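The values are calculated or read from the model by the stated rules, or taken from the named source; none is laboratory data. Only a predicted model underlies this, so the values are computations on that prediction, with no experimental measurement involved. Ideal geometry is used to build each Cβ from the backbone, glycine not excepted, and the neighbour counts take in all protein chains shown. The protein model used for the area step is the full one, side chains on, heavy atoms only, and it has no ligands, DNA or RNA in it. Shrake-Rupley method; radii C 1.70, N 1.55, O 1.52, S 1.80 Å.
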Amino acid sequence: MQKNYRPNFVYQDFASSFTAEFFDPEEWATIFEASGARYVVLTSKHHEGYTLWPSRYSWNWNSMDVGPNRDLVGDLAQAIRSTTPSIHFGLYHSLLEWFHPLYLEDKANNFYSNKFVVSKSMPELYELVNTYQPEVVWSDGEWESPDWYWNSTVFLAWLFNDSPVKDTVVANDRWGVGVPCNHGSFYTCSDRYNPGVLQPHKWENAMTLDWASWGYRRNAGYYDYVPIDYLITTLAETISCGGNLLINVGPTHDGRIPAIMEERLRQLGSWLDINGEAVYDTTPWQHQNDTVTPGVWYTAREDLVYAIVLAWPRTNELTLGSVVSSPTTSVTMLGYNQDPPALQFHSYQESGIVVTFPPMYEVTSQWAWVLTMSGIDATQ
């Protein structure tokens, strides 16, 4: 700050520099659709209290009064719903605000007063849901105070019983100290949560394309961003264990999604165009990853089992210790459209199979490869 900004520059001075003149919500929607996303969660307000909609509870500290002079939440909601109906629109909202004097007063009172909740945070959240009707309500900023301070149960009872989205909405688990990973439509537990084992409740892995930041860093270099193979690996690990992947993108102050982030999203989408059958509407299989070969993760749909193979086998033969064949077993590869499509395989020891891969140049997928298997012995 001392190096790059004038003396006595305060956080609030950033608002006038947040211009968003290149923000094109239809373009954003197109990028999200190209990524293969099925839901989008916009940060409507972070911990500093600035709202991306003209909230009546955030006078002169919102995107209509200062900065872009437009309703950014409304613009993106309209674009998503009109141009990409396959994507569900969701909103992130921070309960706390670092600088708000009423919150600081409540905090000094060990949260036995709740002036901030009654006059600011909760009215704002009701306003957000009633105005924009998000199908995902993603709460944050809960870690300093209990759920009774936030009146979380009252809000959630309204959300699921009386709100305009009561029949379609889901909510995460960040509603007070001790609530994460215990209560919610889905659990987020902690940032970049990726347990690597099957979870008993639906969960979400919220991670970033920038290794170090949840926002845009103008001094970030090429190697500060996750490569596509890491992104696909994270996706495979997450869905195999019953989770969803929420990929954080940090836009610029002028409203652009950085080109390298757009590239990662479009790369993921091109992979899903080929291999999405193993991702969308699937469930965890009886094994999450293979017992013999590392980097193989499983999903299932009805009587089909999918093996997401993160590395092409050096000898073109892949050993799957978790897969037991039967007389009706068939193995194919998504993105391999030759005739005949079935791949050759043989048994491995007492249980397992060895699959012979086709020539790599005959397969359209670039980064990870998916085997589709039917007739697998489900008793093993």
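With respect to the conditions (1) polar (S, T, N, Q); (2) open to solvent by 70 Å² or more (accessible area, probe 1.4 Å); (3) more than 17 Å from Tyr132 (Cβ to Cβ), Ser35 lacks only one, and its number is (2).
Taken over the range 281-296, residues that are of a type outside the set (Ser, Thr, Tyr) and surrounded by fewer than 14 Cβ atoms within 10 Å (Cβ to Cβ) amount to 3. Take the conditions (1) over 23 Å from the mean Cα position of the chain (by Cα); (2) more than 20 Å from His253 (Cα to Cα); Gly67 misses just one of them, which is (2).
Looking only at helices (runs of 4 or more DSSP H) that lie completely in the range 40-144, which have at least 3 residues being open to solvent by 20 Å² or more (accessible area, probe 1.4 Å) and under 29 Å from Trp203 (Cβ atoms)?
Values: elements: 72-83, 101-108, 122-132.
So the answer is 122-132.
Using the structure shown, decide if Asn205 is assigned to a loop (DSSP other than H, G, I, E, B) and modelled with pLDDT of 95 or more. Lay out the reasoning, then the answer.
Details: assigned to a loop (DSSP other than H, G, I, E, B): no; modelled with pLDDT of 95 or more: yes.
No: the conditions fail for Asn205.
Of the residues examined, Gly215 is not one that is touching a residue at least 40 places away in the same chain (Cβ under 8 Å), assigned to a loop (DSSP other than H, G, I, E, B) and open to solvent by less than 50 Å² (accessible area, probe 1.4 Å). Residues in the range 235-247 that are polar (S, T, N, Q) and over 11 Å from the mean Cα position of the chain (by Cα): Ser240 only.
With open to solvent by less than 20 Å² (accessible area, probe 1.4 Å), in contact (Cβ under 8 Å) with a residue 40 or more places away in the chain, within 23 Å of Gly269 (Cα to Cα) and among the charged types (D, E, K, R) as the only criterion, which of Asp254, Asp210 stands out? So that I can check it myself, show each step before the final result.
Values: Asp254 fails: within 23 Å of Gly269 (Cα to Cα).
Just one listed residue meets the conditions, Asp210.
Can you give me the number of residues within the range 297-334 that are open to solvent by 60 Å² or more (accessible area, probe 1.4 Å), more than 26 Å from the chain's Cα centre (by Cα) and on the phi < 0 side of the Ramachandran plot? Steps first, answer last, please.
Keep residues of the range 297-334 that are open to solvent by 60 Å² or more (accessible area, probe 1.4 Å), which gives 301-303, 311, 314-317, 327-328.
From the residues that got through so far, the ones that are more than 26 Å from the chain's Cα centre (by Cα) too are 303, 314-317, 327-328.
Now narrow it down to the ones that are on the phi < 0 side of the Ramachandran plot: 303, 314-315, 317, 327-328.
Qualifying residue count for the region: 6.
I need the full set of residues from the range 344-363 which are within 30 Å of Arg264 (Cβ to Cβ) and surrounded by 15 or more Cβ atoms within 10 Å (Cβ to Cβ), in order please. Walk me through how you get there before you give the answer.
If we filter the range 344-363 for residues that are within 30 Å of Arg264 (Cβ to Cβ), which is where we start, we get 355, 357-363.
Matches in the range 344-363: Val355, Phe357, Pro358, Val363.
Among the candidates Asp377, Asp339, the residue that is open to solvent by 50 Å² or more (accessible area, probe 1.4 Å), among the acidic types (Asp, Glu) and at pLDDT below 95 is uniquely Asp339.
Could you list all residues from the range 26-36 that are touching a Ser or Thr at 6+ places or on another chain (Cβ under 9 Å) and either aromatic (Phe, Trp, Tyr) or in a helix (DSSP H, G or I) (or both)?
Selection gives Glu26, Ala29, Thr30, Phe32, Glu33, Ala34.
Counting only residues that are surrounded by fewer than 18 Cβ atoms within 10 Å (Cβ to Cβ) and assigned to a loop (DSSP other than H, G, I, E, B), how many does the range 3-25 have? Residues that pass the stated criteria total 13. Looking at the range 1-28, I want the residues that are over 22 Å from Val41 (Cβ atoms) and have a partner that is assigned to a loop (DSSP other than H, G, I, E, B) and of a type in the set (Ser, Thr, Tyr) with Cβ atoms under 7 Å, at least 6 apart or on another chain. Which pairs are those? Matching pairs, first to second residue: Ala15/Tyr50.
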